[in-house]
Amino acid sequence: MNFIPVLMLALAILCICGFLGSGMLILFSFGEKYAARKRLRETLPGKKGGERRLYGADALLIGNLVLIGLAVTVHVATVFTGQSFSRCTVFFISIMGAALLFAAVLFLFYGFTHRKGKCREKATGTKKVKRADFADRILLVIFWALVAAQMAWLLFNGGVYTKGDMTVETVGSFLQTDGIYQVDPMTGYAYATGIPSRLKILCLPTLYGILCRLWGMSPESVVTMVAPIWVFVSSYAAFFCIGKCLFPENRKNRTCFLIIIVIIMWTGSGLYSMDGFNLLYCGYRGAAIRNLVLIPYLISLCLRKRWLTAVLCILAEACILWTFYGLGACLLVGAGLFLAERRRRGGGAS
Amino acid sequence: MVELLENAWTGWLRIADGGKLVALFLVALLFLWIGRKQEKQKNLLRYGIVSAVCCILPVTAVALMLYQTRFYDYEWIWSIVPVTVVTAYAGTKVLAGCWQGFRREAWRKGLPVTLGLLAIVYVCGGLGGTDVGREAERARRAEAENVLEALKRDNTDVCIWAPRKVMEYARRLDGSILLPYGRNMWEEALGAYSFDVYSKGIENMYQWMCIVEETLTEEDYDRTDEMAEKMAEQQLTTGECLDTARQAGVDVLILPANTNEALLNEVIKCTGVQPRQNSGYYFFSL
């Protein structure tokens, strides 16, 4: 298999997510400024010490949430209006183009309004960058070496665990019939009685199908190669955010934390349902995206007390994973951390 | 309820037996709990403890399994427990303490502890616990690819009835191929994705093909008696299964080259066609 197109597509998805997410971060910053101006900021928890700060990695993760949001919009619209898959692809390109344009406008506006501040910072030299010392560099080299090894494993040696999953067949049936859920992916024949409606709104197969259509790649390549790389990078971005929350001032501890995460992923890859197994063997599945990207990111958001942003993770899970008619694991995690915080504040007050 | 409680308990035993990462996580929780007075992230610690207890105690585990509506295995309720994060957090605290903030001079204490922790994580990880079977899967996939390639030379949009290892990959490799039954016939979990069920006739076709695969001639060892016995036991006849296949729209029947000779002759007799042989398989046009 030629790995260059796989890497190119994964990189393109990550860049698009990063760009969309950056736009969202700018929007958030405008919103927070507006709230501060309206004196709402004082009522928000976690004001002290920049606890609620967003990092660069947030751009990629929020971009992922936006991508899922756009995909589910297009998917649901196509399913319920009975449009063809080709139209769905056109609709997705249009909506994605609009979102990218909006993000670009926000960038320009932000760049224009913040130019003065940056010039002042440059002139006075107020922004200090802490230089990495020897231990810092060693830790970073170990971390990147381990990550590169895992990436190589995914690309060259990885196998996929397909038991209990039919994503590849589903994407193939979308492309073959030019329709969404027109035929049973297992047989290729039309459904006699149909599928559960909760299942119908899950957008991952449509997203993968659109990527196949746009990039001219086979469903198997996109599902088993491109998507796991996308999830892999996003996952470490989410763990990086947690590291930033746990060790905000100590870069060495943060890198050490990430190294241990990578090692746990390696060693846990032989255990069914563990994070390492999901990352290295079935990174394309909704459950893997939930456990490796959404839940870690949700934890980092909850640690920063960004409850409203955390709701996006809960919604994203509902769009990509069949939680049957339940509300999903993200909601439980978010609720648990919210209650823990309330208890702490209650205890502190008493 | 009793069944769910049993599932929760056996699920916990499965997790505990498979690898010791969960045990390592519990040790990490204990370590953080002991040093909780200096702990800045009390919320994470508190949440980690409560969620782990909920997943271990059978009664709360059942409640969580009901929340995930029984479809998923017990293992998946552990999604709500931050196993990786808490373990890594505790590990970082230990290492940062031993290396005294990652200073080179502290290697006498730091290095042995680092190596010890690495060994513990390696042992607890249970590497190779789940057999993903990459090599076997690659071989099966390559075989299926050859068969489909041979098939597609003469046919397009064809419905095939073949051994399980070919059927398993057929629609993954080529969405234009149709099947009378798919992987959801032998993977129960996949049945939940649709309200459709297979008819008795289609199930008989699957059973018939299973018998074909179980009674292949290997090293001139003839299994005709075994085959006849199994057919009789399951009340299957080749003629009826082939009729059902035709009704289900099957265009091509694919059988392994080492199919039991008596069975092969029966198929030739019922179909009235001579098979074409290619890539280690017989192809019958129905």
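Just so you know, all these numbers are worked out from the coordinates, no wet-lab data involved. For clarity, every value in this text was computed on a predicted model and none was experimentally measured. All Cβ positions, glycine included, derive from the backbone under ideal geometry; neighbour counts span all protein chains shown.
Pairs of alpha carbons in segment B:30-90 separated by more than 15 Å make up 51% of all such pairs. Mean per-residue shielding of peptide A:162-171 is 6, counting Cβ atoms of other chains within 10 Å of each Cβ. Computed from point charges on the beta carbon alone (+1 for Lys and Arg, -1 for Asp and Glu), the dipole magnitude for the protein assembly as shown about its Cα centre is near 6460 Debye. Were the residues from A:Arg343 through A:Phe134 laid out at 0.36 nm apart, the gain over their Cα-Cα distance would be 71.1 nm. The modelled label-to-label distance for the pair A:Thr81/B:Tyr221, using points 7 Å beyond Cα in the direction of Cβ, is 6.2 nm. Only Lys, Arg, Asp and Glu carry charge here, each on its Cβ (+1 for the first two, -1 for the last two); on that basis segment B:2-125 has a dipole of about 860 debye about its Cα centre.
Calculated FRET efficiency, A:Leu214 and A:Val105, Cβ-Cβ r, R0 25 Å, to nearest 0.05? Step by step, r from the Cβ atoms, then E = 0.55. Toward the positive end of the charge dipole of the protein assembly as shown, with +1 on the Cβ of Lys and Arg and -1 on the Cβ of Asp and Glu, the farthest Cα among A:Phe91, A:Ile314, B:Tyr206 is that of A:Ile314. When peptides A:226-233, B:94-101 are sorted by average Cβ neighbour count within 10 Å, with the highest value leading, the order is A:226-233, B:94-101.
Taking every residue in B:37-45 and counting other chain Cβ atoms within 10 Å of its Cβ, the average works out to 4. Run the paramagnetic zone check for B:Asp243: 7 angstrom along Cα to Cβ, then residues of segment B:212-237 with backbone nitrogen under 11 Å. Residues passing the 11 Å test: B:237. Distance between the 7 Å Cα→Cβ label points at A:Ala149 and B:Leu57: 4.1 nm. In terms of surrounding Cβ atoms within a 10 Å radius of their Cβ, A:Leu14, B:Leu13, A:Leu214 rank from fewest to most as B:Leu13, A:Leu214, A:Leu14.
Here the gap between B:Ser176 and B:Ser285, fully extended at 0.36 nm per residue and compared with their Cα-Cα distance, gives a gain of 37.5 nm. Amide H contacts of B:Tyr281 (H built 1.01 Å from N, in plane; Pro and chain starts excluded): B:Ala257 sit under 5 Å, all sequence-distant by 5 or more or on other chains. Sorted fewest first by neighbouring Cβ atoms within 10 angstrom, B:Met227, A:Met8 come out as A:Met8, B:Met227.
Counts of other chain beta carbons within 10 angstrom of each beta carbon in peptide A:252-261 average 6.
Of A:Lys252/B:Lys37; A:Lys163/B:Lys269; B:Lys200/B:Lys230; A:Lys200/A:Lys305; B:Lys152/B:Lys230, which pairs sit farther than 27 Å apart, going by alpha carbon to alpha carbon?
Correct reply: A:Lys163/B:Lys269; A:Lys200/A:Lys305; B:Lys152/B:Lys230.
Amide H to amide H, with H built 1.01 Å from N, B:Cys159 comes under 5 Å of B:Leu178, B:Asp251, B:Val252, counting only residues 5 or more places away or on other chains.
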